[in-house]
Every structure is written in structure tokens, then in C-alpha cells.
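See structure below.
The values are calculated or read from the model by the stated rules, or taken from the named source; none is laboratory data. All values reported here derive from a predicted model rather than from experimental measurement. We place every Cβ from the backbone using ideal geometry, glycine too, and count neighbours over all the protein chains shown.
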Amino acid sequence: MDAPAPPPSTQVPPPELPVTADRPAIQPIRRRRPFGVRLWLGLMFSAIGILTGATVYIVVAGSSEGAAESRSADLAVGRTLRLREKIEPELPEGRMTKANAPVDVLREDQSPEDFRSWLYNNPPSGPSRLVSPPTVAGLDIATIRGRAEAVATALDGDLYVNTDLPEDRTMVSVLLVGPGGVSGVLLSISERPEEVQSALQALAGQRLTALVVAVLVAGLIGFLAARGKVAP
């Protein structure tokens, strides 16, 4: 015998209310954003402009400093080589010592403001020794790091140039060859030339001005975008 069918459901769905002028359709609730799209767009413009200006400033600054170091090194090398041409004809035939070193030629070419030089000999054995006055225009060569490497490099026949010294100095060392062969080493310390330093200072002011202008333009564009003055 078949089981009796369940009674029909007595739940009746609620009738849909008609949409009228007095009863508009129910709209879903939307959460308002704390900041508008235009404000975010303005902030984005400002951030991009500031980052771009700062990046250009850093790149140009590094390039300018590198060019200044290269120019300073070229001038220091040229001045040292010219001094070597004056010293080599005055070198003794035998071993160069404090007694016979041509220090007078050094004094004639010294410039207390931007160029100082020293002489090292080439002994048969042992390290090279300083044969000229250690202090020149208030600068003691003993306080300059890397001088031993500079002398050793020159004695090997290579030109030594170091621009990584404090106060933007450049150290150069070259081999000296006299009538009896290798006599020693000429070592010089050069300051950064005044014209190069002035050009760097002028360029630094121009870079700073360009950075400020870039930041102001980026801020203005961001402000206009946030106020809706820029086309979508």
C-alpha cells in the first residue's frame, strides 16, 4: 500500500511590491571610498614627478663628479710629467740620495696652493727612501695613505694615479730614469683645480633648481588632477 503524499507547503512567498514614484526600487548600499579617485591620481602624479626629479638629480650629480675627477686626474698627470722632464736631466749618475737629489727643481715648480711633489730613490736592496723634504707647504707625505703603493707601482714601470684621496686630491707617481738607469720615483699631490671646482658648484646650483622646478610642476599637476581640472 502506497504511503500518503505529504501535504502541500502552506508557506506563501511575500508579494513583490510594485515600483512606483512613491516607492522606488531598493538599491544596494555602496560603501563610500575614504579618498576619491581624483585624489589618488593627484598623489600618483606628484610621487612620479618627485621620484623622476630625484633620480635625474642623482644621476647627473654622479656623472658630473666623475667628469670632475677625470679632468683633475688629467691635469695632475700632465703637470707631473712636465716636472719629470725637468728633473731627469739633473739626476745624478749614481745612486740618488738626500745629498745629490735635485730638490731645487722641485722647489722651482712647487705651488703651495695646488701642487706638491717628492722624490724617492731606487736602492739596490730594500724599500725606496724619501730623499726630498717630507713636508711641502704644510703637507707631510707621511700622512698620505697609499704612498708606498704609488712608489712601488712606478718602480714597476707603470703610471700610478689615485683620485680617491681626502679633500679631492689626486696622487700621481712616475718613474725617473737618469744617466745611470732607474734613479727613483717622482710622486706628486695635486688639489682639484679652482676652475673645475667652480664649474661643479655652478652645476650643483643648476641641478638643485631643476629638481625644485620638477617637484613644483609635479605638485601642480597632481593638484589639478585632484580638483578634476585635468581631462580623464
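With the structure loaded, tell me whether Ala150 is surrounded by 15 or more Cβ atoms within 10 Å (Cβ to Cβ), in a helix (DSSP H, G or I) and at pLDDT below 95 or whether it fails that test. It is false that Ala150 is surrounded by 15 or more Cβ atoms within 10 Å (Cβ to Cβ), in a helix (DSSP H, G or I) and at pLDDT below 95. Among the residues of segment 84-112, those that are assigned to a loop (DSSP other than H, G, I, E, B), more than 38 Å from the chain's Cα centre (by Cα) and surrounded by 12 or more Cβ atoms within 10 Å (Cβ to Cβ) comprise Leu91, Pro92, Arg95, Met96, Thr97, Lys98, Asn100, Ala101, Pro102. Candidates Leu81, Leu75: the one that is out of contact with any helix residue (DSSP H, G or I) (no Cβ under 7 Å at 6 or more places or on another chain), touching a residue at least 60 places away in the same chain (Cβ under 8 Å), over 23 Å from Asp156 (Cβ atoms) and surrounded by 12 or more Cβ atoms within 10 Å (Cβ to Cβ) is Leu75. Here Leu175 fulfils each of the conditions (1) under 28 Å from the mean Cα position of the chain (by Cα); (2) surrounded by 17 or more Cβ atoms within 10 Å (Cβ to Cβ); (3) at pLDDT 90 or above; (4) of a type outside the set (Ser, Thr, Tyr) apart from (1).
Right, Ile141: closer than 19 Å to Val177 by Cβ and in contact with a helix residue (DSSP H, G or I) (Cβ under 9 Å, 6 or more places away or on another chain) or not? For Ile141, the condition - closer than 19 Å to Val177 by Cβ and in contact with a helix residue (DSSP H, G or I) (Cβ under 9 Å, 6 or more places away or on another chain) - is not met.
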